[in-house]
1. Inside region 9-29, can you point out the residues that are surrounded by 11 or more Cβ atoms within 10 Å (Cβ to Cβ), more than 14 Å from residue 75 (Cβ to Cβ) and not charged (D, E, K, R)?
2. Take the residues in region 73-83 that are open to solvent by less than 60 Å² (accessible area, probe 1.4 Å) and either assigned to a helix (DSSP H, G or I) or polar (S, T, N, Q) (or both), then tell me which one is nearest to residue 25 (Cα to Cα).
3. Can you name the residue in region 23-32 that is small (Gly, Ala, Ser) and out of contact with any strand residue (DSSP E or B) (no Cβ under 6 Å at 6 or more places or on another chain) and is also farthest from residue 61 (Cα to Cα) among such residues?
4. Run residue 56 past the list (1) touching a helix residue (DSSP H, G or I) at 6+ places or on another chain (Cβ under 7 Å); (2) open to solvent by 70 Å² or more (accessible area, probe 1.4 Å); (3) hydroxyl-bearing (Ser, Thr, Tyr) and report the number of the one that doesn't hold.
5. Considering only residues that are more than 14 Å from residue 25 (Cα to Cα) and touching a residue at least 12 places away in the same chain (Cβ under 8 Å), which ones fall in region 45-69?
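The values are calculated or read from the model by the stated rules, or taken from the named source; none is laboratory data. Not measured: the values here are computed from a predicted model. Virtual Cβ from ideal backbone geometry, glycine too; neighbours counted across all protein chains shown. The protein model used for the area step is the full one, side chains on, heavy atoms only, and it has no ligands, DNA or RNA in it. Shrake-Rupley method; radii C 1.70, N 1.55, O 1.52, S 1.80 Å.
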Amino acid sequence: MRDSGMQPRLKLTYPCEWPYVIIGRSEDELRAAVHEIVQNRSHTVNLSHMSAQGRYISLKVLVVVHSDDDRIGIYRALNDHPATKVVI
């Protein structure tokens, strides 16, 4: 039985590569956001999907993270960036 409102803690071995999928309207703006947030950290960015009308685009971002706080911090920074609509 799970405690109410508590998320199970992931058991990861750090450092590790962590995937994020970011969705927005402009590939260039999304790529700039990734570069701004991850800076010189080891990462890759690949086109994941484009909507049928081309209004939305998603990128898969793999970033080397060093701790739970690091992983969550990058998620929050990507989520808070004006170029991103959704981060998965």
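1. 14, 15, 16, 24, 26, listed by residue number.
2. Residues of region 73-83 open to solvent by less than 60 Å² (accessible area, probe 1.4 Å): 73-74, 77-78, 81, 83.
Checking which are either assigned to a helix (DSSP H, G or I) or polar (S, T, N, Q) (or both) leaves us with 73-74, 77-78.
Details: 73: 23, 74: 20, 77: 18, 78: 14 Å.
Top of the filtered list is 78.
3. From region 23-32, those small (Gly, Ala, Ser) are 24, 26, 32; that's our starting set.
Checking the rest, the ones that are also out of contact with any strand residue (DSSP E or B) (no Cβ under 6 Å at 6 or more places or on another chain) come to 26, 32.
Numbers: 26: 15, 32: 12 Å.
Applying the filter and picking the extreme gives 26.
4. With respect to (1) touching a helix residue (DSSP H, G or I) at 6+ places or on another chain (Cβ under 7 Å); (2) open to solvent by 70 Å² or more (accessible area, probe 1.4 Å); (3) hydroxyl-bearing (Ser, Thr, Tyr), residue 56 is out only on (1).
5. If we filter region 45-69 for residues that are more than 14 Å from residue 25 (Cα to Cα), which is where we start, we get 45-46, 60-69.
Hits for region 45-69 are 45, 46, 60, 61, 62, 63, 64, 65, 66, 67, 68.
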